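S.K.: Take a look at this one; I'll ask things after.
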Amino acid sequence: MTADKIAEFLRQAPLFHDLNERELQRIEEITVSRSLPRRATIFIEGSEKEAVYFIRNGLVKTYKTDENGHEQIVSFLKSGDMFPHTGFFNQNPYPATAETIAETNLLAIPVRQFEHLMTSTPSIAIKMMRVMGDKIRELQERLQVLSGQDVKHRVLIFLLQLADHHGVWRGSKITINLPMTHQELANSIGTTRETINRLLNQMHKDGILEVHRNRIVIIDLESLKQMRDLK
């Protein structure tokens, strides 16, 4: 990836929206490109935070593992997303494991080099901390919404989020190309695979969606929204 393309990508990242050309150039100078195959581990929960990543293209899942070895998926990330969300402004280890679920191209910004840049250019730190504060509030609000819903509503909300962030319109249908198993869906929502199977099978019978091995096709988006809005 050329320097011009790196700079163009970084310019579009919300975290860097407020930076001027010189400040953006300083970020670009310490940015490294990485290309990874499917199922590659980017970092492991609890390991030292060496870099913060931006997805140029591809898909990444982050997950935590409990004492019994069960995965609890934290998020699915797409092109343009930054992770981990804790970002640059603390020294904590990586809060979850990150793994590619498709061939993925990343931009990595090493934490130590970034910290050095912050001390020499504090205007960058101030601008970015404002953006990070907004992102933290957004994540807190999303968690509050999900934690207050029963399993069915969590599934509906999650499907609509997938449609919004990963969906591609094809005629009147939305195709979500996301190679995830029913167990991974269940881990994302905090329920069992059996519950996911039952709910998806029912929505399939109702003509609302289809589930294939590597994709979900939403046939009736309005019905999905109406089900979500029912109290």
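The values are calculated or read from the model by the stated rules, or taken from the named source; none is laboratory data. Since the model is a prediction, treat every value here as computed from it, not as a measurement. Counting neighbours? That spans all protein chains shown, and the Cβs are built from the backbone with ideal geometry, glycine included. Calculation scope for accessible area: heavy atoms of the full protein, side chains included, ligands and nucleic acids excluded. Shrake-Rupley method; radii C 1.70, N 1.55, O 1.52, S 1.80 Å.
S.K.: Kindly indicate which of 109, 55 is crowded, with 17+ Cβ neighbours inside 10 Å, within 28 Å of residue 5 (Cβ to Cβ) and touching an Asp or Glu at 6+ places or on another chain (Cβ under 8 Å).
M.R.: None of the other options fit; the residue is 55.
S.K.: Restricting attention to the stretch 95-103, does a residue exist that is outside the structural domain of residue 154 (by the TED database), at pLDDT 85 or above, open to solvent by 70 Å² or more (accessible area, probe 1.4 Å) and part of a strand (DSSP E or B)?
M.R.: No: zero hits.
S.K.: Of all residues in the stretch 176-218, count the ones that are over 30 Å from residue 66 (Cβ atoms) and in contact with a helix residue (DSSP H, G or I) (Cβ under 9 Å, 6 or more places away or on another chain).
M.R.: If we filter the stretch 176-218 for residues that are over 30 Å from residue 66 (Cβ atoms), which is where we start, we get 204-208, 210, 217-218.
Then keep just the ones that are in contact with a helix residue (DSSP H, G or I) (Cβ under 9 Å, 6 or more places away or on another chain); that gives 206-208, 210, 218.
Counting residues in the stretch 176-218 that are over 30 Å from residue 66 (Cβ atoms) and in contact with a helix residue (DSSP H, G or I) (Cβ under 9 Å, 6 or more places away or on another chain) gives 5.
S.K.: For the stretch 1-91, give me every one of the strands (runs of 3 or more DSSP E) that falls completely inside it and has 1 or more residues that are closer than 21 Å to residue 188 by Cα and either among the aromatic types (Phe, Trp, Tyr) or in contact (Cβ under 8 Å) with a residue 24 or more places away in the chain (or both).
M.R.: Fully inside the stretch 1-91 and qualifying: 41-43, 51-57, 60-65, 71-77.
S.K.: Kindly provide the set of residues from the stretch 184-231 that are surrounded by 15 or more Cβ atoms within 10 Å (Cβ to Cβ) and either among the small types (Gly, Ala, Ser) or within 19 Å of residue 61 (Cα to Cα) (or both), ordered by number.
M.R.: 184, 185, 186, 187, 188, 189, 191, 196, 215, 216, 223, listed by residue number.
S.K.: Separate question: Give me a count of the residues in the stretch 104-126 that are farther than 12 Å from residue 26 by Cβ, aliphatic (A, V, I, L, M) and modelled with pLDDT of 85 or more.
M.R.: 4
S.K.: Among the residues that make up the stretch 66-86, is at least one of them of a type in the set (Val, Ile, Thr), in contact with a strand residue (DSSP E or B) (Cβ under 7 Å, 6 or more places away or on another chain) and surrounded by fewer than 16 Cβ atoms within 10 Å (Cβ to Cβ)?
M.R.: First pass over the stretch 66-86, keeping only residues of a type in the set (Val, Ile, Thr): 73-74, 86.
Subsequent filtering for residues that are in contact with a strand residue (DSSP E or B) (Cβ under 7 Å, 6 or more places away or on another chain) retains 73-74.
Still in the list and also surrounded by fewer than 16 Cβ atoms within 10 Å (Cβ to Cβ): none.
Checked against the condition, which is being of a type in the set (Val, Ile, Thr), in contact with a strand residue (DSSP E or B) (Cβ under 7 Å, 6 or more places away or on another chain) and surrounded by fewer than 16 Cβ atoms within 10 Å (Cβ to Cβ), the stretch 66-86 yields no hits at all.
S.K.: Ok, one more. Just the residues that are open to solvent by less than 80 Å² (accessible area, probe 1.4 Å) and among the acidic types (Asp, Glu), please, taken from the stretch 1-48.
M.R.: Scanning the stretch 1-48 gives 23, 28, 45.
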